Amino acid sequence: MTCSAILNGSVTGTRIRDPDSLRTRNPHRSVPHFLHFDSSNIANVEGNLRLGSKKRRRCVPRIACSLQLPLLPFNINEVLVPSESKTLHLYEARYLSLLDESLLRKKKLFVHFVLDPIAISESSGEASFAARYGCLVLIENVERLDVGALVSIRGIGRIKILKFVQADPYIIGEVIPMQDMIYDSLSKVSSKVMEVREAINSLNSLEIKLKAPNEALLQTHITNSLLWAEREPSFECDETFIPSADERVSFAALQPITGSTQSELLKLRRQKLRAMDLKDTLQRLESSLEIVKENISMVAAKLAIQSLEMR
């Protein structure tokens, strides 16, 4: 099947075969966000994407450069936000080649993005997709297996795809960074960062008390993200692609809680999509604070039920 790809509302001649076959599996529950990836997920992409005409007001203190990086597409359920970690199982030749390219020539960097279905043409039956929610990722660890490799990645910052420059054996695109607007006064932002940090620490102290499955990790996802967000980046990358510490912290709360239900995970996905669209750090911090407070109440209720069951 062929389709048109859309970037920021601009329809282009890019062709993607079988994008609706993207699917996720998690057979190894001991690994967080475990995802298998092969050619059934996405086939060749060819042609160029052109910029949409929609402009947004933004204050940029530094001149942003562009990079050409490998692109790895996912379905809309697999949005990755800055500070989030994920483990992929790559085992098809093309994606192992992408891995080698990132490790050897791209400073352990590539781009995680999603294909968002837009519409299906009544005449041809072809689907249109938006290439959205791009996130620059850093490869943190690689474990070679008999079949493929386990690849641990970390979301760094949001990016915009300017165009596709290569389709085979894997996609390469030209990308630029996307960061929040800059405020003249950062006092409100700094105060809200402190509130979010304190709330996350309170949530973590409750979450670790939950009776988790034997396979579950002891460190919570949200604490892992916060610790990373607070550290100064120690990897080699153009600084314009690295968000401010405040912006990184604003994404840290967007992680699943131990024992999350399907409805809770669906709600989290919507919250992540909204956070990726926002260009206001303060607004995202306020939203994250509300998310953490809701999770504190939810975990407290689960702990109460757990206490009753243990009597």
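Here are some notes:
- Per residue, the stretch 68-109 exposes an accessible area of 34 Å² to a 1.4 Å probe, with every protein chain left in place.
- Residue ranges 142-151, 100-109 sort as 100-109, 142-151 when ordered by packing (mean number of other C-beta atoms within 10 Å per residue, highest first).
- Solvent-accessible area, 1.4 Å probe, carbon plus sulfur percent, for the stretch 186-310: 54
- Protection proxy ranking, peptides 153-160, 187-194, average beta carbon neighbours within 10 Å, highest first: 153-160, 187-194
- Additional length obtainable on full extension of the chain from ASN77 to LYS293, 0.36 nm per residue less Cα span: 75.4 nm
- Full-stretch length increase - GLU101, GLU143 - with 0.36 nm per residue and alpha-carbon distance subtracted: 13.5 nm
- Sulfur and carbon atoms: percent of accessible area, the stretch 67-177 [1.4 Å]: 48
- Per residue, the accessible area of the stretch 186-310 comes to 52 Å² when a 1.4 Å probe rolls over the protein heavy atoms.
- log₁₀ of I(q)/I(0) at q = 0.11, 0.12 Å⁻¹ - the stretch 67-177, Debye sum with one point per alpha carbon: -0.35, -0.42
- Here the label points at ASP168 and SER190, each 7 Å from Cα along the C-beta direction, are separated by 5.6 nm in the simple model.
- Residue pairs, from the table LYS86/LYS106; LYS86/LYS108; LYS107/LYS272; LYS108/LYS160; LYS108/LYS267, whose Cα atoms sit over 21 Å apart: LYS107/LYS272; LYS108/LYS267
The values are calculated or read from the model by the stated rules, or taken from the named source; none is laboratory data. Keep in mind it's a predicted model, so treat the numbers as computed, not measured. No Cβ is skipped: glycine too gets one built from the backbone with ideal geometry, and neighbour counts run over all protein chains shown. Calculation scope for accessible area: heavy atoms of the full protein, side chains included, ligands and nucleic acids excluded. Shrake-Rupley method; radii C 1.70, N 1.55, O 1.52, S 1.80 Å.
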